[in-house]
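Comments concern the structure below.
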Amino acid sequence: MAHRRHPHVVPASGGALKLDTYREVITPEGVALHLPASGPVPRAVAWSIDLAVRVGILFVVGTVLGLMGKMGQGLSMVLMFIVYWIYPIALEAFWNGQTVGKRAMGLRVVSADGAPLGWLAAITRNLLRTVDMLPFGYMAGLISSLADPHGRRLGDMVARTVVVHVDHSRDAVPAPADVVVAVPPGLQPDEQAAIVAFGERAPLLTPARQAELADIVAPLTQAQGQAGVLRLYGMANWLVGRR
């Protein structure tokens, strides 16, 4: 996938504006996915929330284990390892790239190409926090995130990940399955593949972007705007056998 980088001003919750850096990923089908990369401030707040959650877990469970004598002390060491290392890795890998703090701040971790975060990337970016913390207070990570166009710390660069804002207005909406439109005869295989790809990816795009893409092939669909979008969905359904 190719990607372009450019600054964007996007509306934040409550109507305010925030300056963000969008990472535009162009899929092989020519569909543009926009990843609104997060800056260091919301990430720092998310990290603070996760720290509070960790401390709370250690305090509550540690108090109980403290009543168990030497065995409890040994289990406390295991608990500290799990809370410090496994907590972020497991949550990011299992919970859509989010920890408690990231979900509270509307953030998530994704691969650099916009794909969901995998186990290897989650492990890599979290293990390299030890480098980002150098020489103290996350200094290396802060300098890296301020210098990088997409706010990535060193761990993100190595793991090829990016922390993005979750735009709930863009949550996927299932494509209409009851609309079926036969494609014109003579459509080339790559053109058919592009239509099927639109049917799969368009629900992840804003209505305006869907209409923009549909208008490009208006000569094929004989329609523009939302009508063109529906006809493209219908053609995609026809091509995948929903007839």
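Rule-based calculations on the coordinates, nothing more; no lab input. Quick caveat, the model's predicted, so the values are computed rather than measured. Cβ coordinates were reconstructed from backbone atoms using ideal geometry, including for glycine residues, and neighbour counts include every protein chain displayed.
Can you give the extra length, in nm with one decimal, that the chain gains between VAL131 and ARG242 once fully stretched, where that is 0.36 nm per residue apart less the Cα-Cα distance? Don't skip to the end; give the middle numbers.
Numbers: separation 111, 0.36 × 111 = 39.96 nm, distance 5.15 nm.
Length gained, VAL131 through ARG242: 34.8 nm.
Near PRO88: Cβ cut-off under 14 Å, other residues only, Lys/Arg at +1 and Asp/Glu at -1. The net charge is +4.
Using R0 = 51 Å, the C-beta based FRET efficiency linking VAL158 and ALA227 works out to 0.65. Ranking of ILE89, ILE82 by neighbouring Cβ atoms within 10 Å, starting from the fewest: ILE82, ILE89. Once both labels are positioned 7 Å from their Cα atoms along Cα-to-Cβ, the gap between ALA52 and ASP113 label points is 3.8 nm. In this simple spin-label approximation, THR63 and ASP215 carry label points 7 Å from Cα along the Cα→Cβ vector, and these lie 6.1 nm apart. Residues LEU51, LEU213 in ascending order of nearby Cβ atoms (within 10 Å, fewest first): LEU51, LEU213. Distance between the pseudo-spin-label points of VAL45 and ALA90 (7 Å out from Cα toward the beta carbon): 2.8 nm. Does a label point 7 Å from the Cα of LEU79, set along Cα-to-beta-carbon, have any residues of region 50-65 with amide nitrogen under 18 Å, and which are they? Under 18 Å, as judged by backbone N against the label point of LEU79, lie 51-65 of region 50-65. Region 102-243 has equivalent-ellipsoid semi-axes of 42, 14, 13 Å, by the square roots of 5 times the alpha carbon gyration tensor eigenvalues, sorted largest first.
Put +1 on the Cβ of every Lys and Arg and -1 on every Asp and Glu Cβ in region 80-220; which of VAL158, LEU120, MET133 then has its Cα farthest towards the positive end of the dipole? Ranked along the dipole, the leading option is MET133. Counting charges near GLN222 (Lys, Arg +1; Asp, Glu -1) among other residues having Cβ under 15 Å from its Cβ returns a value of 0. Treating r as the C-beta distance of VAL180 and ALA104 and R0 as 30 Å, the FRET efficiency rounds to 0.10.
To make sure I understand, if each residue's beta carbon is the centre and we count other beta carbons within 10 Å, what order do ASP178, ASP148 fall in, fewest to most?
Numbers: ASP178 8, ASP148 17.
Listing ASP178, ASP148 from fewest to most nearby Cβ atoms yields ASP178, ASP148.
Under 5 Å from the amide H of GLN98 lie the amide H atoms of VAL109, each residue being 5 or more positions distant or on a separate chain, with H modelled from the backbone and absent for Pro and chain starts.
Express in % the proportion of alpha carbon pairs of region 172-239 at distances exceeding 17 Å. Roughly 31 percent, once rounded to a whole number. Derived scalar couplings between HN and Hα for region 115-122 equal 6, x, 5, x, 4, 4, 5, 4 Hz in order, rounded to whole Hz, by the Karplus curve 6.51 cos²θ - 1.76 cosθ + 1.60 (θ = phi - 60°), x for Gly and Pro.
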